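The structure under discussion appears below in the form of structure tokens.
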Amino acid sequence: MPSASSVKVSAQQQDKDKDLKNHIMDLTEPFKQVVTLVEHKIRNMEKRKGKLDSYKQEQEQGKELNTDQLAAVAKYGELMQSLEFARDLSKQVSQIQLETSRLLKKQQKKDQTERVLADLERTKQIMILTNWLHRSTTMPTVREDFVNGRNGAFALSDDEIEALDELSTITCIGMDKDKAEEDLGPATEYFNSLIDGKTKSIPNTSTTYCHMRETLLRMNACGYAYESDSETKIDTDENDISTDSKGVAFVGNDSAQIHTRVSFTFMKPA
């Protein structure tokens, strides 16, 4: 049984396919109108040809035709040329319509693929910007490394640190429901300005969104390694703290110990 999410995606794809089909139909409609008009002319000429064929047959059988009938038969060759031209025109316009429809479908699929890739790239950048804005403003170790330019981090200027703090504040949503609704609009606008790299200044700073967007992307790409935790041993019975020769902290005796090892995470360039 398909999941709700797969059904939703399938429905969305069906809607997109329907929109694509309607768009192609709109663009090829003029060709259809031309074909319809020409085919109408062809049917009228074929009816006229049928009459002239009967006149010619009567004439061959020795029946005397009146003046109007003779004049009509005299234009038989001209009629046949016009009929042949109309048939050829209808065929060519139909072929152009089919070719145009094929090219439009191909272009539409290409455009759709490019939009999907662009959406994925935007989502990727949103995740990168959110990740490093969070780390640089809520993780003391990461912040200090980028303040001092150590462990592969580059040193941030005072203006950049100020801008990071301000971005963290203005894009934060309140925990209270009413406050969250109130904050959502402005916070979304501020974060979109960051994603789009707008050249206007971040509120209460002299630094632009564009500069901070590039700064956050540089933070992701610089190969910075940060120390996530220090290895500790925690005892629930005693309160004395000591460290071993490797710098491992001990709290109390060995009856209840929790180990957390030192690890380094290397951020790969995007």
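The values are calculated or read from the model by the stated rules, or taken from the named source; none is laboratory data. Bear in mind that the values here come from a model prediction, so they are computed numbers and not experimental data. We place every Cβ from the backbone using ideal geometry, glycine too, and count neighbours over all the protein chains shown. Quick note on the areas: whole protein, heavy atoms, side chains included, nothing else; ligands and nucleic acids left out. Shrake-Rupley method; radii C 1.70, N 1.55, O 1.52, S 1.80 Å.
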So, in the stretch 195-226, exactly how many residues are open to solvent by 70 Å² or more (accessible area, probe 1.4 Å) and outside any helix (DSSP H, G or I)? 5
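Residue check: is Ile24 at pLDDT below 90 and in a helix (DSSP H, G or I)? So that I can check it myself, show each step before the final result.
On the way: at pLDDT below 90: yes; in a helix (DSSP H, G or I): yes.
For Ile24, the condition - at pLDDT below 90 and in a helix (DSSP H, G or I) - is met.
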Would you be able to say whether some residue in the stretch 43-53 is at pLDDT 90 or above and closer than 30 Å to Arg102 by Cα? yes
Kindly indicate whether Glu58 is over 60 Å from the mean Cα position of the chain (by Cα) and loosely packed, with under 15 Cβ neighbours inside 10 Å. yes
Check the stretch 149-158 and report whether any residue there is assigned to a helix (DSSP H, G or I), in contact (Cβ under 8 Å) with a residue 24 or more places away in the chain, surrounded by 13 or more Cβ atoms within 10 Å (Cβ to Cβ) and not basic (Lys, Arg). no
Going through the stretch 173-194 in order, the residues found to be of a type outside the set (D, E, K, R), over 26 Å from Leu217 (Cβ atoms) and open to solvent by 70 Å² or more (accessible area, probe 1.4 Å) are Met175
Hits in the stretch 159-171 - residues which are in contact with a helix residue (DSSP H, G or I) (Cβ under 7 Å, 6 or more places away or on another chain) and either open to solvent by 70 Å² or more (accessible area, probe 1.4 Å) or assigned to a helix (DSSP H, G or I) (or both): Glu160, Ile161, Ala163, Leu164, Asp165, Leu167, Ser168, Ile170
